[in-house]
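S.K.: This is the structure I have questions about; it appears just below.
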Amino acid sequence: MSNRISAVPEVAPRSEGRSASQTKEKILLAAIEEFCEHGYAGASTTNIVRAAGCNIRMLYHYFESKDGLYLAALTRVYQHLRSSEASANFWNLPPKQAIIALTHFTFDYMLRNQSFPRMIINENLNKGRAAVNIADSIRTASAPFIAKLDKLISQGHASGEFPYRPDALNLYLTILGLSFIHITNKFTLTATFGVDMSSPEFLAERKRHVTQAVLALLSSDIST
């Protein structure tokens, strides 16, 4: 199971440009792995450049400092999630099918791209000190996603398919939380309940359960 955020291809007009772009990308991807594993404080720039196959001067050339590199890494994991959501092909489906597809997408994304939950956990342990510096860009990227989700909920509610009309952000937090906890807490949960939270059997059943829970919420007639 990969924890890696995939590289975003970049096009440069000359071979030197491509080489520079590739070096920068290698540093960034190595940094994401290092920050995921050790957090900001414990991450080693020496380990990062060794994994990237370059020297420390290149790190400072492209990112200026460890702080700059960390901000770039945090930005990348957010951008990767939002761009993946935006390019998904379920937004024009009927509301119920779209919500099912979004739930499956989120569940699978968190499992296959564990750099996101790991970076976010570390940043929350850091009390979001770095996230405030990129808050504007994060919000700008997140707003269209929430707007599209709100449109789906409104369509389903208007048609009677979703008797309950939750706030779009709250619904997304529910989907995200249900898709997240068995990953971020898998070791303690496995120890507590004696169930391997990473086994294919558990994950398949968990995915079904999460989907059923989301649909049950939307199908309820609760008012409080």
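The values are calculated or read from the model by the stated rules, or taken from the named source; none is laboratory data. Note that the coordinates shown come from a computational prediction; the quantities given were computed from them, not determined experimentally. Cβ: placed from backbone, ideal geometry, glycine included. Neighbour counts: every protein chain shown. Ligands, DNA and RNA are stripped out before the accessible areas are found, and what is left, the full protein with its side chains, is counted by its heavy atoms. Shrake-Rupley method; radii C 1.70, N 1.55, O 1.52, S 1.80 Å.
S.K.: Would you point out which residue out of 86, 73 is over 23 Å from residue 174 (Cα atoms), of a type in the set (A, V, I, L, M, F, W, C) and within 16 Å of the chain's Cα centre (by Cα)?
M.R.: 73
S.K.: Might you let me know whether segment 183-199 holds any residue that is more than 18 Å from residue 119 (Cα to Cα), of a type in the set (A, V, I, L, M, F, W, C), in contact with a Leu (Cβ under 6 Å, 6 or more places away or on another chain) and open to solvent by less than 50 Å² (accessible area, probe 1.4 Å)? Let's see the steps before the verdict.
M.R.: Pass one, segment 183-199, residues more than 18 Å from residue 119 (Cα to Cα): 188-199.
Still in the running and of a type in the set (A, V, I, L, M, F, W, C): 189, 191, 193, 195, 197.
Filter once more, so that each one left must be in contact with a Leu (Cβ under 6 Å, 6 or more places away or on another chain): 197.
Next, from what is left, pick out any that are open to solvent by less than 50 Å² (accessible area, probe 1.4 Å): 197.
Yes; the residues of segment 183-199 include at least one that is more than 18 Å from residue 119 (Cα to Cα), of a type in the set (A, V, I, L, M, F, W, C), in contact with a Leu (Cβ under 6 Å, 6 or more places away or on another chain) and open to solvent by less than 50 Å² (accessible area, probe 1.4 Å).
S.K.: Return the total of residues in segment 93-140 being in a helix (DSSP H, G or I) and among the basic types (Lys, Arg).
M.R.: Qualifying residue count for the region: 4.
S.K.: Identify, from the list 101, 73, 51, 88, the residue that is at pLDDT 95 or above, touching a helix residue (DSSP H, G or I) at 6+ places or on another chain (Cβ under 6 Å) and open to solvent by less than 70 Å² (accessible area, probe 1.4 Å).
M.R.: One residue alone meets the criteria, 73.
S.K.: Here's something else I'd like to know. So for segment 160-178 (the condition being within 18 Å of residue 80 (Cβ to Cβ) and open to solvent by 80 Å² or more (accessible area, probe 1.4 Å)), does at least one residue qualify?
M.R.: No: segment 160-178 contains no residue that is within 18 Å of residue 80 (Cβ to Cβ) and open to solvent by 80 Å² or more (accessible area, probe 1.4 Å).
S.K.: Shifting gears a bit: Among the residues of segment 179-189 satisfying the criterion of being among the polar types (S, T, N, Q) and over 18 Å from residue 81 (Cβ atoms), which is farthest from the chain's Cα centre (by Cα)?
M.R.: Taking the candidates together, the pick is 188.
S.K.: Residues being assigned to a helix (DSSP H, G or I) and either among the hydroxyl-bearing types (Ser, Thr, Tyr) or closer than 24 Å to residue 156 by Cα (or both): count how many of those fall in segment 73-92.
M.R.: Step one: list which residues in segment 73-92 are assigned to a helix (DSSP H, G or I), which gives 73-86.
Remaining after also requiring either among the hydroxyl-bearing types (Ser, Thr, Tyr) or closer than 24 Å to residue 156 by Cα (or both): 75, 78, 82-86.
Going through segment 73-92 one residue at a time, the tally reaches 7.
S.K.: Further question on the same structure: For segment 120-150: of the residues being of a type in the set (D, E, K, R) and under 22 Å from residue 177 (Cβ atoms), which is surrounded by the most Cβ atoms within 10 Å (Cβ to Cβ)?
M.R.: Checking each candidate, the answer is 123.
S.K.: Does residue 177 satisfy the condition of being in contact with a Phe, Trp or Tyr (Cβ under 7 Å, 6 or more places away or on another chain), part of a helix (DSSP H, G or I) and either of a type outside the set (A, V, I, L, M, F, W, C) or free of Cβ contacts under 8 Å to residues at least 40 places away in the same chain (or both)?
M.R.: no
S.K.: Between a first residue in segment 135-161 that is touching a residue at least 12 places away in the same chain (Cβ under 8 Å) and among the hydrophobic types (A, V, I, L, M, F, W, C) and a second residue that is outside any helix (DSSP H, G or I) and open to solvent by less than 50 Å² (accessible area, probe 1.4 Å), which pairs have beta carbons less than 8 Å apart while being 6 or more apart in sequence or on different chains?
M.R.: Correct list of pairs: 152/91; 153/162; 153/166.
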